[in-house]
1. Can you name the condition, by its number, that LEU163 falls short on among (1) crowded, with 18+ Cβ neighbours inside 10 Å; (2) of a type outside the set (Val, Ile, Thr); (3) outside any strand (DSSP E or B)?
2. Looking at the stretch 186-209 only, could you name the residues that are in a loop (DSSP other than H, G, I, E, B) and at pLDDT below 90?
3. Does the stretch 210-221 contain any residue that is at pLDDT 90 or above, more than 30 Å from GLY140 (Cβ to Cβ), aromatic (Phe, Trp, Tyr) and in a loop (DSSP other than H, G, I, E, B)?
4. Taking SER120, is it out of contact with any helix residue (DSSP H, G or I) (no Cβ under 7 Å at 6 or more places or on another chain), part of a strand (DSSP E or B) and surrounded by fewer than 24 Cβ atoms within 10 Å (Cβ to Cβ)?
5. Could you please tell me which pairs satisfy a Cβ distance under 6 Å, a separation of 6+ or placement on different chains, a first residue in the stretch 62-74 that is more than 14 Å from LEU96 (Cβ to Cβ), and a second residue that is charged (D, E, K, R) and surrounded by 16 or more Cβ atoms within 10 Å (Cβ to Cβ)?
6. Within the stretch 68-87, count every residue that is crowded, with 18+ Cβ neighbours inside 10 Å and assigned to a strand (DSSP E or B).
7. Would the stretch 149-159 turn up any residue that is at pLDDT 95 or above and not in a loop (DSSP other than H, G, I, E, B)?
Amino acid sequence: MRHRHAVLAACAAGLVVLLVAGGASPEGRPLPPVGTTSTTVHAGPRWRTVWEDDFDGTSVSADRWRVEHSTFGDGNRELQCYTPDNVRVAGGRLVLEARRGPTTCPNGSTRAYSSGMVRSRAGWAYGAFEVRARVPVGAGFLPAVWLLPTFYPYGRNGRSGELDVVEVNTTDARAAIVTAHWTHEDCGWGCARYGRRVPLADTHELHTYRLEWSPGRLLWLVDGDPVFELGDDAPARWSSSAARAAPGSATYPAPFDAQNPMYLLLNLAVGGNTPGPPDGRTPFPARLEVDRVTVQQQVRP
């Protein structure tokens, strides 16, 4: 959803430019339109659940999540301070709530908005990451479900990559955005060379977003339908085999390989270079509601 410190300005904005321009994102193999085929289209590997949260308690599980308290997102010039007060469990859902009003941040600064973010305590190299969620209505929000490296084995500044299960720019909320990010020589921190805008009739309804990450393959699905693919069997690969790599960067299949476990982040950003600020019609409080988070790994024969 990338990214949110020195990266989001480059990656999210770059993604919009690249995809709207119709240039850099590969078409990939033909995949059926979202909402027309159901999960029977995807006859892939068998998966078993290794980690999940259906938020059936009364509070956020401290065993599963770390709740953010920071100004994370400054690289994108975002307007919020993330605070634990903006994160709760209610009605069987995780609620990350954005509010308008002065908030004092841990660094002593005062922000005009507050919001919520959580990070998983566990990390995984390979797996299927699935979230059922509803994004808020109104301009100026960037809700995101994404993965960042646990150890940065190939270095920082984008060299170890980032995977976005989904982002939605609510200023133009007609599509969900799925992306793989990494640094290239000609595309810096948060390079968004490979991704897709997935048209949805209503992004504000509950949808299921899934990323299947297996050796040499990345496959995104929305509501059970495959929508974008990278890797060995797809027309496009990531990293240096797909475009010029940054000097000293790892070669394919790095950075998305077994040496690079990643953890989950869920957040609701307010304003910034992308998606732009809230306007006078933006309703507050606004909520990213998450019904379920599931992590699965492949069942080997």
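1. For LEU163, the failing item is (3).
2. At the first step, the residues of the stretch 186-209 found to be in a loop (DSSP other than H, G, I, E, B) are 186, 188-193, 200-206.
Result: ASP186, GLY188, TRP189, GLY190, CYS191, ALA192, ARG193, LEU200, ALA201, ASP202, THR203, HIS204.
3. Taking the stretch 210-221 as the starting set, the residues that turn out to be at pLDDT 90 or above are 210-221.
Now restrict to residues that are more than 30 Å from GLY140 (Cβ to Cβ): 212-217, 219.
Retained after the next criterion (residues that are aromatic (Phe, Trp, Tyr)): 213.
If we keep only those that are in a loop (DSSP other than H, G, I, E, B) as well, we get none.
Checked the stretch 210-221: no residue is at pLDDT 90 or above, more than 30 Å from GLY140 (Cβ to Cβ), aromatic (Phe, Trp, Tyr) and in a loop (DSSP other than H, G, I, E, B).
4. Numbers: out of contact with any helix residue (DSSP H, G or I) (no Cβ under 7 Å at 6 or more places or on another chain): yes; part of a strand (DSSP E or B): yes; surrounded by fewer than 24 Cβ atoms within 10 Å (Cβ to Cβ): yes.
Considered against the rule, which asks whether it is out of contact with any helix residue (DSSP H, G or I) (no Cβ under 7 Å at 6 or more places or on another chain), part of a strand (DSSP E or B) and surrounded by fewer than 24 Cβ atoms within 10 Å (Cβ to Cβ), SER120 comes out as yes.
5. ARG64/ASP53
6. Here the count works out to 4.
7. Among the residues of the stretch 149-159, at least one is at pLDDT 95 or above and not in a loop (DSSP other than H, G, I, E, B), which makes the answer yes.
Let's see how each residue does on (1) assigned to a strand (DSSP E or B); (2) modelled with pLDDT under 50:
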{"residue": "GLY14", "(1), (2)": "no, yes"}
{"residue": "PRO26", "(1), (2)": "no, yes"}
{"residue": "GLY57", "(1), (2)": "no, no"}
{"residue": "ARG66", "(1), (2)": "yes, no"}
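The values are calculated or read from the model by the stated rules, or taken from the named source; none is laboratory data. In this text, all values refer to a predicted model and were calculated from it rather than measured experimentally. Cβ sites come from the backbone with ideal geometry, for glycine too, and all protein chains shown count toward neighbours.
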